[in-house]
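Peer 1: Have a look at this one before I ask anything.
The values are calculated or read from the model by the stated rules, or taken from the named source; none is laboratory data. Only a predicted model underlies this, so the values are computations on that prediction, with no experimental measurement involved. Glycine also receives a Cβ, built like all others from the backbone with ideal geometry; neighbour counts cover every protein chain displayed. The accessibility values were calculated without ligands, DNA or RNA, using every heavy atom of the protein model including side chains. Shrake-Rupley method; radii C 1.70, N 1.55, O 1.52, S 1.80 Å.
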Amino acid sequence: MNGPMADIHERSLTHRPFPELRGHGLRLSAWDPESRGHLDAWFRGLTDPDFLRWNTPLRTVRDMASARESLRSKLAGAANETSASFRITDAASGTTLGHIGVNEIDHVIRVARVGYWVLPEARGQGVATRALALAAGWALTDLGLNRLELGHALGHEASCRIAERCGFPYEGTLRGAMFEAGRQDAFRDVHLHARLASDPDPAVP
């Protein structure tokens, strides 16, 4: 592939505008779509039945090729600074635990949306809570955001608890704001949580 599109593609795979984050026993760093280990974790995360119960991606991941394309699209967002995608790892062992992204970054209004998932074997260890606290702290200080939103499907009580623990109070229910599980022709309600830069820092367990 030659020309401007090739240049854009190359920048998306090499440019790293966002820093590595450390804290709460975790390390948040960039994904690498050319790493088999990263790709395996990404594929497992996006095809996990519990993930698909609560999320319906715009691009369905069915195999390693589509997983790589999905991961490359995340890096394209990082290249133009509209999203920051982090691989959540254990700070000591380097084991991949999940993913957290600061998405749809609007540098004018200074608002973004955060989303995350944790691999099945890493659940029940406070990984999502610790990762959200770390990413939100960075987004609302160093990144310069004023507001960070978190939305989850109605009924996802675990996400509600994680949001509250990390200083994201419930603000309301958005009607028909996300796809139903496994469908793009039907919609379900969303709980909206948000945290402001001026809100007090939560006490993370």
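Peer 1: If you check every pair at least six apart or on different chains, which have Cβ atoms under 9 Å apart with a residue in the stretch 28-49 that is free of Cβ contacts under 8 Å to residues at least 12 places away in the same chain and outside any helix (DSSP H, G or I) first and a residue that is crowded, with 18+ Cβ neighbours inside 10 Å and not charged (D, E, K, R) second?
Peer 2: Asp32/His38; Asp32/Leu39; Asp32/Leu71; Asp32/Leu75
Peer 1: Are any residues in the stretch 50-75 part of a helix (DSSP H, G or I), within 16 Å of the chain's Cα centre (by Cα) and under 19 Å from Phe86 (Cβ atoms), and if so, which ones?
Peer 2: Phe51, Ala67, Ser70, Leu71, Arg72, Ser73, Lys74, Leu75
One line per residue, one yes/no per condition, for (1) assigned to a loop (DSSP other than H, G, I, E, B); (2) hydrophobic (A, V, I, L, M, F, W, C); (3) free of Cβ contacts under 8 Å to residues at least 40 places away in the same chain; (4) open to solvent by 40 Å² or more (accessible area, probe 1.4 Å):
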{"site": "Leu97", "(1), (2), (3), (4)": "no, yes, no, no"}
{"site": "Ala112", "(1), (2), (3), (4)": "no, yes, yes, no"}
{"site": "Gly137", "(1), (2), (3), (4)": "no, no, no, no"}
{"site": "Asp142", "(1), (2), (3), (4)": "yes, no, no, yes"}
{"site": "Leu148", "(1), (2), (3), (4)": "no, yes, no, no"}
{"site": "Ile162", "(1), (2), (3), (4)": "no, yes, yes, no"}
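Peer 1: Run Ala153 past the list (1) modelled with pLDDT of 95 or more; (2) out of contact with any His (no Cβ under 9 Å at 6 or more places or on another chain); (3) among the small types (Gly, Ala, Ser); (4) within 21 Å of Asp48 (Cα to Cα) and report the number of the one that doesn't hold.
Peer 2: (2)
Peer 1: Here is a list: Glu164, Glu81, Glu69. Which entry is of a type in the set (Asp, Glu), over 23 Å from Leu39 (Cα atoms) and out of contact with any Gly (no Cβ under 7 Å at 6 or more places or on another chain)?
Peer 2: Glu164
Peer 1: Mind checking whether some residue in the stretch 114-126 is farther than 19 Å from Arg53 by Cβ and open to solvent by 60 Å² or more (accessible area, probe 1.4 Å)? Quick ask: steps written out before the conclusion?
Peer 2: Step one: of the stretch 114-126, the residues farther than 19 Å from Arg53 by Cβ are 114, 125-126.
With the extra rule that they be open to solvent by 60 Å² or more (accessible area, probe 1.4 Å), the set shrinks to 125.
Yes: one or more hits.
Residues checked against (1) surrounded by fewer than 16 Cβ atoms within 10 Å (Cβ to Cβ); (2) of a type in the set (Asp, Glu):
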site	(1), (2)
Tyr170	yes, no
Leu174	yes, no
Glu180	yes, yes
Gln184	yes, no
Phe187	yes, no
Val190	no, no
Ala197	yes, no
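Peer 1: Within the stretch 161-190, track down each residue that is in contact with a strand residue (DSSP E or B) (Cβ under 6 Å, 6 or more places away or on another chain) and closer than 21 Å to Gly126 by Cα.
Peer 2: Ala163, Gly167, Phe168, Tyr170
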